[in-house]
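This report concerns only the one structure given below.
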Amino acid sequence: MVAIPNSENNPFKALDKATDKTLYEDYAVSSIYIKVRDGVKIASTICLPKGLSPEKKIPTLLYQTRYWRAAKLRVPFRWMFKETLIHSPSPRLFTNYGYAIVYTDVRGCGASYGTRPYPFSKEEIKDGADIADWIISQPWSDGNIVSNGISYTGSTADLLAVNNHPAVKAVMPGHALWDAFTDVVAPGGCYDEAFMRLWSFLGNKLDNNDSAPFKQLLPIGWIIMKGVKPIDSDTDLSLLNEAIQEHATNEYVYELSNDKDFRDDLLPDGTSIDDISTYRYKQEIEKSNIPILGWVSWLDSAYCDATINRFINLNNPQIAIIGDWNHGGVYNGNPLVPDKEVSPTPEERIKKWIDFFDTCIYGKGIQGKTLYYYTMKEEKWKKTHNWPPEGFTRQRWYLDEGNMLNISKPENQTGEDDYKINFRATSGRMNRWWTLLGLPIDYSNREKADKKLLCYTSPPLKETIEITGHATITLFLSSTHEDGAVFAYLEVLDEDGNIYYITDGNLRLIHRKLSTETPPYKMLGPYHTFKKKDSSPLVPGEVVEATFAFRPTSALIPKGYRLKLAIAGADKDTFKQYPLDGGKPVITICRNAVNTSFIDLPIKIRNDI
Amino acid sequence: MERFIGNAKQLFEDSIEFQHNEKDLTLSIIVKGDKKSKEVLGEETEIRDMLRMFGGLNEDIAMEIYIDEESQKIDLKFQDKDNYIKVRDVLDTIMERIMDICYKALTGDISHFNDLGDFND
């Protein structure tokens, strides 16, 4: 393991306040139903430290999942492990420190009763308050509840704050969404076909207690797990079977959304994709004033944007952490230093999370807002109270003849490049989007990928620069077709010609209009509404401007390296193809004095390196 | 889940003991540690699945299976010595096989299961 860089800006050092307070060595598990306000029974697994004396009161970590809260393991694993084996790191890390853990299957999922119209429904959110009521009525509860999670469970932690329940003292959304449309469903207006389809498929199987898909998708999971754990008293599985029957009317996001092109398209019950977005609950979350620790990584889908948006939009006391790992922080996700191991390890991280929760329950809590971010290649943590951080200026690099990126504007009047869209172009299945399934991230094959793309490369940099924040791209282009998409990859080449991915951005071109309306929340970068009223087809042959942001990043680019921009019109293993009916579109990128295409980078000269 | 494999062999040895009684043609699986409920000990079909899935026992072996919650013991009784020996040999190597299967599964290789049919899911 690579040691965590020792810096005062390292959040894992900053949170390192606790003494070694291991109080317990094991935990006892039980599973029951908790009945909520409308009679729906929520399957709950409770982990209590073993040896907890009857008079001892402890805080509770609530973890609400749409995946199984606990698994019925196969024999012989069932003889060796608890049903909480599926949770990594082990719940033991929390129970040893004197926390109870309550894992629940959200309604319509696992062994819980109820149905599920879509993720994060209002009823699902309210269940959090009912479960909190149940927790604080337990003899072992000290009346304090915290919540954490990663991905879906990160969002349920975030949304627990919506209830303004007085027992909830802190929440920790890890790798969690803010704006469902742009973070997950259709980043840049391009539908994430792969994830939406797979996630819905898996969700359907999980809700029907069918572990068969794991045989191909997660073989180790299939080997170990038979299905969801029924509650302890359900020895004949009659309750589990009843609950699963209620799931028959569940709805799944792929079926609900795969024909939707616009943010304001309505789902069958009259709601929209926005209704499952955390940003819709800004007012309620701020009213709670609950401290929030949000954490994510630069290369996790668009969740880096989600974490920054949460940070800049909510007034709650906050810590935000943006590192260099995959979705969930299990693997390294630093394309500039691909061979290192993930740091900190999940176990190390959990100990810091306990410190955060302890501070919020027993200490002075946290004040103000602090964002810690990791600068890749420099391999250093930084700290800021504002985003974007101060000290960065914008630097433009213009697309120019000879597939060059130049710092000076092109002088020719007519320069342009045709690019026949290659629908076989792909960023692979270990990209920032597929990691939403927990996969490692691997962008090491950009040389091969770029051969299908239109590329522009700069001369060697004369100075070392740091790029931190949202870079943007402006393209003046025309197409032979009315619909299309642009995928832009920002990369660097080292002195030996090795290519390293930095970040990317994309835009479906019918959404190109830059809106002057007030956005629904504070946004960084060009604002596209993705609404139907603002969309318009391209007129073949007519030059239009397409300006959009790259996903945020922080990376050091050494002197002598070259910047590279690679432009695609498709990413076949991830996104839906545009135009939907295919064809053989050709886009023409203008790179001349009249229609100037460029990338705009937030940079700082780093002569100190 | 990767992390559990590193400790699994030791945990297996701490949790499970096999006893052979060639005279009675009986193999016993003793589940150690905290007392397990009947549901945790499992059903007869699950024991057979374990032998097939992890032991590679791709044939129906005539045996009677007795699961006793009180003693935390699972007895496999045979009429035929050859069958007894086949299952004994499977149990003697089952942990190594499980480790191997898990390691392969972590890399996506489940070829081992291709010829073993469906399991009792």
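Which listed residue (A:Leu217, B:His20, A:Asn332) has the Cα farthest towards the positive end of the charge dipole for the protein assembly as shown, taking +1 on Lys and Arg C-beta and -1 on Asp and Glu C-beta about the Cα centre? Of the options given, the answer is A:Asn332.
Counting only DSSP beta bridges with both residues in region A:22-289, tell me the antiparallel percent, nearest 5. Write down the numbers at each step before the final one.
Numbers: 17 of 33 bridges.
Close to 50 percent.
When the inverse distances between all different Cα atoms of region A:22-289 are averaged and flipped, the Kirkwood radius reads 19.0 angstrom. Taking a straight Cα-Cα cut-off under 13 Å and skipping sequence neighbours fewer than 8 places away in the same chain, the aspartates and glutamates within cross-link reach of A:Lys533 are A:Asp261, A:Asp264, A:Asp265, A:Glu517. Note: relative contact order over chain A, using C-alpha pairs below 8 Å and six or more positions apart, is 15 percent. Relative contact order for chain B: 29 percent, from Cα pairs under 8 Å spaced at least 6 residues apart, divided by residue count. Bridgeable aspartates and glutamates around A:Lys351 (alpha carbons under 14 Å apart, same-chain partners fewer than 8 residues away excluded): A:Asp16, A:Asp20. Sum up the lysine pairs in region A:71-171 that clear both bars: alpha-carbon distance under 29 Å and a spacing of 8 or more or different chains. Count of close lysine pairs: 5.
For region A:44-124, state which GluC sites (Glu not before Pro) are in a DSSP loop and have at most 14 other beta carbons lying within 10 Å of their beta carbon. Mind dumping the intermediate values first?
Numbers: sites: A:Glu55, A:Glu83, A:Glu123, A:Glu124; in loops: A:Glu55.
Qualifying residues, ordered by number: A:Glu55.
List the pairs from B:Lys38/B:Lys77; A:Lys532/A:Lys572; A:Lys282/A:Lys369; A:Lys377/A:Lys513 whose alpha-carbon separation is above 28 Å, in the order I gave them. From B:Lys38/B:Lys77; A:Lys532/A:Lys572; A:Lys282/A:Lys369; A:Lys377/A:Lys513, over 28 Å: A:Lys377/A:Lys513. Across region A:181-333, Cα pairs under 8 Å and at least six residues apart give a relative contact order of 19 percent.
Extension gain, A:Lys340 to A:Asp232: 0.36 nm times the residue separation minus the Cα-Cα distance gives 34.6 nm.
Round to the nearest 0.05 the FRET efficiency obtained for B:Asp82 and A:Asn258 when R0 = 51 Å and r is the Cβ-Cβ distance.
Numbers: r = 57 Å, r/R0 = 1.11.
After rounding to 0.05, the efficiency reads 0.35.
Between A:Leu580 and A:Phe392, full extension at 0.36 nm per residue minus the direct alpha carbon distance yields a gain of 63.7 nm. Spin-label model, B:Lys23 to A:His385: label points 7 Å out along the Cα-to-beta-carbon direction sit 8.2 nm apart.
Bear in mind that the values in this text are calculations on the coordinates, not laboratory data. Predicted model, so just to flag it, every value in this text is computed and none were measured. All Cβ positions, glycine included, derive from the backbone under ideal geometry; neighbour counts span all protein chains shown.
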